[in-house]
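Beneath this line is the structure, given in structure tokens, with notes to follow.
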Amino acid sequence: MIGLLRRQLRDQLPNPVPGTVVDAIRGELVRGIAVDELVGRAERRWLEHGYESDAESAEGPGILRPVGVAVALVRPGKCTSPRCNDGQDLDTGGICRTCEREAEDRRRAAEQPVQGAFLTPVPSGGDEDAPTPHAPAQRSSRQRHPLANCDGCDHAHRASTPGKLCPSCRVKQRAVSNA
């Protein structure tokens, strides 16, 4: 099986091949994964995880931990089903039902609103040594003006005095006076 891994990876593995790589391969074969399925998994992950570009990169450091990469290529995925091969059911060739169900659960959980933190009241007492809470951010000294209706179009806008023109009407008025 090690001979079926990519040459760029095989060349970087120590000789003899470490037991962690051999044990990962053996564990999958004992679990009932066929050699061609395991080779397909390793090849797919080699491409999907970008190890190929790391190995062939002239600028980068290449593969820094070849033993870890070899184990990552052959170990089982995160699915709890023993017959799952990266989302594919080995018995039917279809989508793994466990992965599908977990994806649906994640979608449902994402749709539910996240509840905020509960605030607990802090007792106020005469304890002078107690830390003081942070003061709220200071508002700008500029006060917001109340809404007023525009004299030109009667739309509501913020004005320092009632009856002034809204920004749109002021632009129109300037254009007319400049013409």
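Annotations
- Measuring r between the beta carbons of ASP54 and ARG10 and using R0 = 22 Å, the FRET efficiency lands at 0.90.
- Mean-position separation - Cα centroids, region 65-105 and region 1-55, in angstrom: 15 Å
- Gain on full stretching of the segment that runs from MET1 to ARG97 - 0.36 nm per residue minus C-alpha separation: 31.7 nm
- Cα-projected label distance for VAL17 with GLU37, points at 7 Å along beta-carbon direction, nm: 1.9 nm
- Gained length - ASN178 relative to ARG108, 0.36 nm times residue gap less alpha-carbon distance: 19.2 nm
- Protein-only accessible surface order, largest first, of LEU165, LEU47, LEU147, LEU13 at 1.4 Å: LEU147, LEU47, LEU165, LEU13
The values are calculated or read from the model by the stated rules, or taken from the named source; none is laboratory data. Remember, predicted model here, so these are calculated numbers, not experimental data. In this analysis, Cβ positions are derived from the backbone assuming ideal geometry, glycine residues included, and neighbour counts consider all displayed protein chains. Protein only, heavy atoms only, side chains kept; ligands, DNA and RNA dropped before computing areas. Shrake-Rupley method; radii C 1.70, N 1.55, O 1.52, S 1.80 Å.
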